[in-house]
Amino acid sequence: MSETQSHAGPLSALRLEERLRDTKLFFGQALRTFHATGSVVPSSAALARAMAEYLRRRPQLDPSLRIMEVGAGTGAITRGIAAEMRPGDTLDIVEANPEFAAHLERLLETDPVLSPIAAQSAVHAALVGDMGTDRTYDVIVSGLPFANFTADAVREILDYYFEVLRPGGTLSFYGYLYTKEVKAVIARREDYLRQARTSWVVQEWIDRYGIRSEKVFANIPPAFVHHLRKPEKDS
Ligand SMILES: C[S@@+](CC[C@H](N)C(=O)[O-])C[C@H]1O[C@@H](n2cnc3c(N)ncnc32)[C@H](O)[C@@H]1O
């Protein structure tokens with residue numbers, strides 16, 4: 001057996017242990033605060049990869065990117081971002097839940113995928129609405145559970161993203177597939193209507209600025225990723 005093969009077992013066992021720890025923490029927080037967490041398990045690697053599409057797509061000689069990830073949870077999508085980051089890129093990781101924020105700080109020290117970007121990254125234990133407008137970004141990756149928020153809250157967040165996004169910059173976010181259909185059956189009428197109003201706001205932004213959408217079935221639940229671009233000049 002080669003040296004690489006002999007290390008493959010223990011290494012993947014370690015990774016598995018780390019992912020199980022993430023999932024346990026995520027599930028525990030989801031039970032405590034489902035409204036803000038929005039899911040019961042972290043996103044899959046396939047969803048993380050899809051969310052990092054516009055980091056991967058940039059030309060080889062492009063300048064460094066200023067990136068913001070919002071709603072990082074236990075770092076599932078952060079790992080997808082980290083895999084595409086280059087020297088000189090910076091990442092602001094925004095997470096409102098203090099337990100998740102502390103976990104992310106630890107991961108930046110210990111996680112094999114995240115520790116290489118530690119010097120380029122900062123964790124902000126804050127609500128996105130408290131981040132201010134003094135920094136601008138080339139890429140924003142949002143994991144916020146819009147479907148759980150009111151239409152006004154989502155409009156405010158999307159307005160904020162487009163304020164701090166530089167012209168030509170991209171915003172990527174996802175929603176879960178079939179939530180409207182499921183809610184039509186199980187949710188109370190007012191919650192169904194709230195979500196319908198929220199989805200109209202999201203759709204309005206996709207119609208205005210959308211450049212690409214893709215379904216990711218390899219995730220629990222399956223997700224719909226949307227990429228939007230801020231116009232170079234206000235039209
Ligand atoms: C659906 S989870 C996504 C977690 C992670 N990105 C993933 O994909 O596994 C949403 C995350 O957004 C965070 N969150 C919710 N509202 C927020 C807000 N207003 N500002 C910052 N983070 C928020 C939650 O604490 C939670 O970690």
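The values are calculated or read from the model by the stated rules, or taken from the named source; none is laboratory data. Being a predicted model, the structure only gives us computed values, none of them experimental. Using ideal geometry, Cβ is built from the backbone for each residue, glycine included, and neighbour counts are taken over all protein chains shown. Accessible surface is based on the protein model in full, side chains and every heavy atom, while ligands, DNA and RNA are left aside. Shrake-Rupley method; radii C 1.70, N 1.55, O 1.52, S 1.80 Å.
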Subset of segment 190-202, residues in contact with a Gly (Cβ under 9 Å, 6 or more places away or on another chain) and open to solvent by 30 Å² or more (accessible area, probe 1.4 Å), comes to SER199
Which pairs do you get when a residue that is within 21 Å of ASP22 (Cα to Cα), found in segment 82-101, comes within reach of a residue that is modelled with pLDDT under 95 and crowded, with 20+ Cβ neighbours inside 10 Å, reach meaning Cβ atoms under 9 angstrom, with the pair 6+ apart or on two chains? ALA82/ASP111; ASN97/THR37; PHE100/PHE26; PHE100/THR37
By my count, helices (runs of 4 or more DSSP H) wholly in segment 146-235 with at least 3 residues that are in contact (Cβ under 8 Å) with a residue 24 or more places away in the chain are 151-164, 189-209
Residue, farthest from the chain's Cα centre (by Cα), within segment 30-42, restricted to residues that are within 7 Å of the ligand (Cβ to nearest atom) and part of a helix (DSSP H, G or I): ALA36
From (1) more than 30 Å from PRO63 (Cβ to Cβ); (2) under 18 Å from the mean Cα position of the chain (by Cα); (3) open to solvent by less than 30 Å² (accessible area, probe 1.4 Å), pick out the condition that doesn't hold for LYS215. (3)
Would you please name the residue that is nearest to the ligand (Cβ to nearest atom), looking only at residues in segment 43-57 that are crowded, with 16+ Cβ neighbours inside 10 Å and assigned to a loop (DSSP other than H, G, I, E, B)? SER43
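Just give me the residues in segment 165-189 being within 15 Å of the ligand (Cβ to nearest atom), open to solvent by less than 10 Å² (accessible area, probe 1.4 Å) and of a type in the set (Gly, Ala, Ser), in sequence order. Spell out the reasoning first.
Quick first cut of segment 165-189, residues within 15 Å of the ligand (Cβ to nearest atom) only: 171-177, 179.
From the residues that got through so far, the ones that are open to solvent by less than 10 Å² (accessible area, probe 1.4 Å) too are 171-173.
Residue satisfying the conditions is SER172 alone.
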Is at least one residue of segment 103-122 in contact with a strand residue (DSSP E or B) (Cβ under 9 Å, 6 or more places away or on another chain), within 9 Å of the ligand (Cβ to nearest atom) and either within 21 Å of PHE173 (Cβ to Cβ) or not acidic (Asp, Glu) (or both)? no
When segment 70-94 is checked residue by residue, the ones that are closer than 20 Å to ARG135 by Cβ, within 10 Å of the ligand (Cβ to nearest atom) and not aliphatic (A, V, I, L, M) are GLY71, THR78
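Would you check if there is a residue in segment 104-114 being part of a strand (DSSP E or B), open to solvent by less than 40 Å² (accessible area, probe 1.4 Å) and more than 23 Å from LEU31 (Cβ to Cβ)?
The initial filter retains those residues of segment 104-114 that are part of a strand (DSSP E or B), namely none.
There is no residue in segment 104-114 that is part of a strand (DSSP E or B), open to solvent by less than 40 Å² (accessible area, probe 1.4 Å) and more than 23 Å from LEU31 (Cβ to Cβ).
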Considering segment 134-164, residues that are more than 13 Å from the ligand (Cβ to nearest atom) and hydroxyl-bearing (Ser, Thr, Tyr), and then whichever is farthest from GLY80 (Cα to Cα), we arrive at THR136
Of these, GLU99, GLU69, GLU105, GLU109, which one is more than 27 Å from SER213 (Cβ to Cβ), in contact with a Leu (Cβ under 8 Å, 6 or more places away or on another chain) and of a type in the set (D, E, K, R)? GLU99
